[in-house]
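To keep things clear, I will list the structure first and then write my remarks on it.
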Amino acid sequence: MSHTTPLLILAACGLLSAAATQAVAAADTSKWTCSACPYEKAGVSGSVEAGAGAVTGERARYGADNGLNGKRGFGVLGGTLRYRDGTDLYGSGVAEDIGLDMRALAAELGREGSWRLNLGVSQWPHQLEGAGRSPFIGAGSGVQTLPFPAAASPAQMPLASSLQPVDLGTQRTRSELSALWIVGPEWTHRVSLRHDVRDGTQRLGASFFSTSSLLAAPVDQTTDQLELSTSYAGRGINATLAYQASIFRNAEGSVTWSNPYNPVVAGASRGQLALAPSNQFHQLMASGGIELAPRMRLSGDVAIGRMTQDEAFLAPTLNPTLAAAASAAMPAASLDGRADTFNASVQLSAAPAEGLRLNASVARNVRDNQTTSRLYPALSTDTFLDPGARRAPAFSFKQNRFKAGADYRIGRTATVAAGVERDERIRSWQDVVSTRETTLWARGSVQPTEELALSLKVSRAERDPSSYGSATWVTSPQNPLLRKFNLAERNRETAALRADLTLSEALSIGLHVDLSRDTFPDAVLGMTLARNLSGGADIAYTVSEQTQLHAFAQAERMRSMQAGSEAFGAPDWWSRSHDTAHVLGFGVKHSALKGRLEVGGDVVMSRSRANVGVVTRVAETPYPTATQQRDSLRLHATWKLKDGMSIVGRYAFERQAQADWRLDGLQPDTLVNLLALGETPPNYRVNVFSVALRYSF
């Protein structure tokens, strides 16, 4: 990761750089070396970097993903090691950020054209320091109780004396091992293993009828992945056969918690929620290609997989007054879930004439859910047991995709392309049985002068569903006027314009504009309109061989509208959202003192706003605007003391200010029917410094 340099060092580097630039003589090429040569010299080489760093300021939320969470000081430690015996045996090792919670180790050993072995271990955190407070005893575990009796609302609970800090976050550790063998000039065999461990806590909502609590739920998960493959390449043919497996295990299968509210019915004093169940996925895959003619190639792939999940069901309820009837209505002890997958595609490409290229493809994806669809007791949060049962549907789908396109080069300065795509889907247990979407697109690019290049792509897609019905397998009926946005009739238009301008060998500018518009002609209720407009620019300027500058800007605006009905009829309320985002950044790199001093920096500023408004038949106060501002500065300097020895300094400043009406002022007892964690939006100002000594050999 990128750490940072003390301001005094950077200031000194800047003064020396400015003074030295005037005195730099013509470059002395007699000692130049090839830093990008494909083969290294025989022997051992590498580098070691060691130092220390410090963090100042309000750190909450800044170090969530970079290993600096909760740290005032940290070590800078890393390095590389390379070996080559002068023939074909080689090896390397890399250590990154060993002094942080986010660290990585990797090693490679191999013989050119024969075999290769890779080993890696890495870990990275996602920690939310000061995420909130909770009164639950055992917060973050599978069983959470309360130190006080149930009450009517959080305001009547003794939270002042029972709230304890809760840190939400996880730590992921990954171990990887892979090997490759080359047998002869045509065969290659590979095997790779990966073991992921993820533990910590995560936010979980738990409810009893109309009252809810936010819990810190445990995370203790492992995922093992295996891949075996063999490949053949030769005589115009390439083919690969592979087996893949993914096994997920969750050591924490559920969370049990005490109801902090007065029970609505007798016995509703404890609840239980299931966490992600352990499951497996296995897949066989084959792919290949063949050259049918000198300018025609056919390729394809096919994969057959199976997903299984058979974790034992939890008790349907912990309410003793409902447990007997609910348990008797359970149709099985476990899901015995199974879904089979099939994915296949064929691609054909040809160049029948000079400047003309044709391509076509067809693909089929199937998810066949073989899980038995059963009737289960209809429990409402350990409070009510409905007399009728509810069916758990086994969702399946089939998808067919067709694509065809052509590219044609006109002279040396222009290219035109066009194509058509077709996407057909058939679903089970959905309001719409099938959808058919056809997309037409065209693209053109031209370079009218040596300095200017233009490109434009436009497309139009029309999705046509079969007759829209209403789900009959759910208890609550659905408004027949509602159209779900992923199933409804939809028209989508998009356009993308790009311009690249080279004003000189030193200065280049790029501009782009992208827009899209979705309309739903048949939607009376649901999403009715969505628009997106974005644009940006990037500039690169080489001041001299020693100094390079770059800058970029990006802006985006998103709008959407939807209609709803409280009266189970025609629309009587409407929602409009309007989001905007702006990002601006620039950076510089500078080398002075014949390359002994290298300095650089980057600045990035972003602003975003989100507005949501709801219009009903009565006057409504609009929601406050949610805003976010983030500014970051990164500076770095490297001073070469002598051959193989350098001082590396880095400095980073970041500040974030966020206003979010969904979290601002939301304390654990703010709402009558929610026992919250009291989380706050991330607001901080942080400085990170580091200085290290780097030795290269």
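Go through the stretch 292-306 and give me each residue that's modelled with pLDDT of 95 or more and either touching a Gly at 6+ places or on another chain (Cβ under 9 Å) or not aliphatic (A, V, I, L, M) (or both). Talk me through it step by step, then tell me what you get.
Initially, the stretch 292-306 is screened for residues modelled with pLDDT of 95 or more, giving 296-306.
Residues satisfying the conditions are Arg297, Leu298, Ser299, Gly300, Asp301, Gly305, Arg306.
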Inset, instruction - Could you list all residues from the stretch 160-196 that are small (Gly, Ala, Ser), surrounded by 16 or more Cβ atoms within 10 Å (Cβ to Cβ) and outside any strand (DSSP E or B)? - result: Ser162
Inset, instruction - Report, ordered by the first and then the second residue, all pairs with beta carbons closer than 6 Å, sequence separation of six or more or different chains, a first member in the stretch 191-205 that is free of Cβ contacts under 8 Å to residues at least 40 places away in the same chain and over 22 Å from Ala245 (Cβ atoms), and a second member that is open to solvent by 70 Å² or more (accessible area, probe 1.4 Å) and of a type outside the set (Gly, Ala, Ser). - result: none
Legend entry - Check on Asp464, exposed (fewer than 15 other Cβ atoms within 10 Å of the Cβ) and farther than 30 Å from Gln548 by Cα: yes
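Which of the residues that make up the stretch 472-531 are part of a loop (DSSP other than H, G, I, E, B) and either of a type in the set (Phe, Trp, Tyr) or within 30 Å of Ala553 (Cα to Cα) (or both)?
From the stretch 472-531, those part of a loop (DSSP other than H, G, I, E, B) are 472-481, 483-489, 503-506, 520-524; that's our starting set.
Residues satisfying the conditions are Trp473, Phe485, Leu503, Ser504, Glu505, Ala506, Phe520.
In the stretch 266-292, which residues are open to solvent by less than 40 Å² (accessible area, probe 1.4 Å) and either more than 20 Å from Ser254 (Cβ to Cβ) or of a type in the set (Asp, Glu) (or both)? Can you show your working first?
To start, the set of residues in the stretch 266-292 that are open to solvent by less than 40 Å² (accessible area, probe 1.4 Å) comprises 267-268, 271, 275, 278, 283, 286, 288-289.
Within the stretch 266-292, Gln283, Ala286, Gly288, Gly289 meet the criteria.
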Inset, instruction - Please give the number of the condition Ala442 fails out of (1) surrounded by 15 or more Cβ atoms within 10 Å (Cβ to Cβ); (2) of a type outside the set (Ser, Thr, Tyr); (3) part of a strand (DSSP E or B). - result: (1)
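Confirm whether Val346 is of a type in the set (Val, Ile, Thr) and open to solvent by 50 Å² or more (accessible area, probe 1.4 Å). Let's see the steps before the verdict.
Values: of a type in the set (Val, Ile, Thr): yes; open to solvent by 50 Å² or more (accessible area, probe 1.4 Å): yes.
When the stated conditions are applied, Val346 passes them.
Just checking, how many residues over the stretch 677-697 are under 16 Å from Met157 (Cα atoms) and modelled with pLDDT of 95 or more? Spell out how you get there, then give the answer.
Taking the stretch 677-697 as the starting set, the residues that turn out to be under 16 Å from Met157 (Cα atoms) are 677-678.
With modelled with pLDDT of 95 or more added as a condition, the list becomes none.
Residues in the stretch 677-697 being under 16 Å from Met157 (Cα atoms) and modelled with pLDDT of 95 or more: 0 in total.
Just for the stretch 301-317: of the residues that are out of contact with any Lys or Arg (no Cβ under 9 Å at 6 or more places or on another chain) and not in a loop (DSSP other than H, G, I, E, B), which one is nearest to Thr240 (Cα to Cα)?
Pass one, the stretch 301-317, residues out of contact with any Lys or Arg (no Cβ under 9 Å at 6 or more places or on another chain): 301-305, 311-317.
The next check asks that each one be not in a loop (DSSP other than H, G, I, E, B); those that pass are 301-305, 312.
Working: Asp301: 9, Val302: 11, Ala303: 12, Ile304: 14, Gly305: 16, Ala312: 38 Å.
Among those that are out of contact with any Lys or Arg (no Cβ under 9 Å at 6 or more places or on another chain) and not in a loop (DSSP other than H, G, I, E, B), it is Asp301.
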Legend entry - Unmet requirement for Gly355, which otherwise passes all of (1) loosely packed, with under 14 Cβ neighbours inside 10 Å; (2) closer than 30 Å to Ile410 by Cα; (3) modelled with pLDDT of 95 or more: (3)
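Take the residues in the stretch 223-257 that are open to solvent by less than 50 Å² (accessible area, probe 1.4 Å) and farther than 30 Å from Val302 by Cβ, then tell me which one is nearest to the chain's Cα centre (by Cα). Spell out the reasoning first.
The initial filter retains those residues of the stretch 223-257 that are open to solvent by less than 50 Å² (accessible area, probe 1.4 Å), namely 223-224, 229-232, 234, 236, 239-240, 242, 244-248, 250, 253-257.
Restricting the remaining residues to those that are farther than 30 Å from Val302 by Cβ gives 250, 253-257.
Details: Asn250: 22, Gly253: 25, Ser254: 26, Val255: 27, Thr256: 30, Trp257: 31 Å.
My answer is Asn250.
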Inset, instruction - Give the stretch 63-95 a look and list any residue that's open to solvent by 30 Å² or more (accessible area, probe 1.4 Å), modelled with pLDDT under 95 and within 27 Å of the chain's Cα centre (by Cα), or say none. - result: Asp65, Asn69, Gly70, Lys71
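Taking Phe689, is it hydrophobic (A, V, I, L, M, F, W, C), over 30 Å from Ser162 (Cα atoms) and surrounded by 18 or more Cβ atoms within 10 Å (Cβ to Cβ)?
Values: hydrophobic (A, V, I, L, M, F, W, C): yes; over 30 Å from Ser162 (Cα atoms): yes; surrounded by 18 or more Cβ atoms within 10 Å (Cβ to Cβ): yes.
Against the criterion (hydrophobic (A, V, I, L, M, F, W, C), over 30 Å from Ser162 (Cα atoms) and surrounded by 18 or more Cβ atoms within 10 Å (Cβ to Cβ)), Phe689 qualifies.
For the stretch 618-653, enumerate the residues that are assigned to a strand (DSSP E or B), open to solvent by 70 Å² or more (accessible area, probe 1.4 Å) and of a type outside the set (Lys, Arg). Spell out the reasoning first.
Going residue by residue through the stretch 618-653, those that are assigned to a strand (DSSP E or B) are 626-642, 645-653.
So of that shortlist, the ones also open to solvent by 70 Å² or more (accessible area, probe 1.4 Å) come out as 629-630, 636, 640-642.
Those that are assigned to a strand (DSSP E or B), open to solvent by 70 Å² or more (accessible area, probe 1.4 Å) and of a type outside the set (Lys, Arg): Gln629, His636, Leu641.
Being charged (D, E, K, R), open to solvent by 60 Å² or more (accessible area, probe 1.4 Å) and touching a Gly at 6+ places or on another chain (Cβ under 6 Å) is true for just one of Arg116, Arg111, Arg103. Which residue is that? Spell out how you get there, then give the answer.
Numbers: Arg111 fails: touching a Gly at 6+ places or on another chain (Cβ under 6 Å); Arg103 fails: touching a Gly at 6+ places or on another chain (Cβ under 6 Å).
Criteria check complete, one pass: Arg116.
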Legend entry - Counted residues, the stretch 318-343 - those being in a loop (DSSP other than H, G, I, E, B), among the aliphatic types (A, V, I, L, M) and open to solvent by 60 Å² or more (accessible area, probe 1.4 Å): 1
Inset, instruction - Give me a count of the residues in the stretch 514-572 that are of a type in the set (Ser, Thr, Tyr), closer than 30 Å to Ala592 by Cα and modelled with pLDDT of 95 or more. - result: 3
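State the number of residues belonging to the stretch 256-283 that are within 15 Å of Gln144 (Cα to Cα) and either part of a strand (DSSP E or B) or among the acidic types (Asp, Glu) (or both). Quick ask: steps written out before the conclusion?
So the first thing to find is which residues in the stretch 256-283 are within 15 Å of Gln144 (Cα to Cα), and the list is 256-261, 269-275.
Filter once more, keeping what is either part of a strand (DSSP E or B) or among the acidic types (Asp, Glu) (or both): 256-258, 261, 270-274.
Of the residues in the stretch 256-283, 9 are within 15 Å of Gln144 (Cα to Cα) and either part of a strand (DSSP E or B) or among the acidic types (Asp, Glu) (or both).
The values are calculated or read from the model by the stated rules, or taken from the named source; none is laboratory data. All values reported here derive from a predicted model rather than from experimental measurement. Positions of Cβ are backbone-derived with ideal geometry, glycine not excepted, and every protein chain shown enters the neighbour counts. Areas reflect the complete protein model, heavy atoms only, side chains present, ligands, DNA and RNA absent. Shrake-Rupley method; radii C 1.70, N 1.55, O 1.52, S 1.80 Å.
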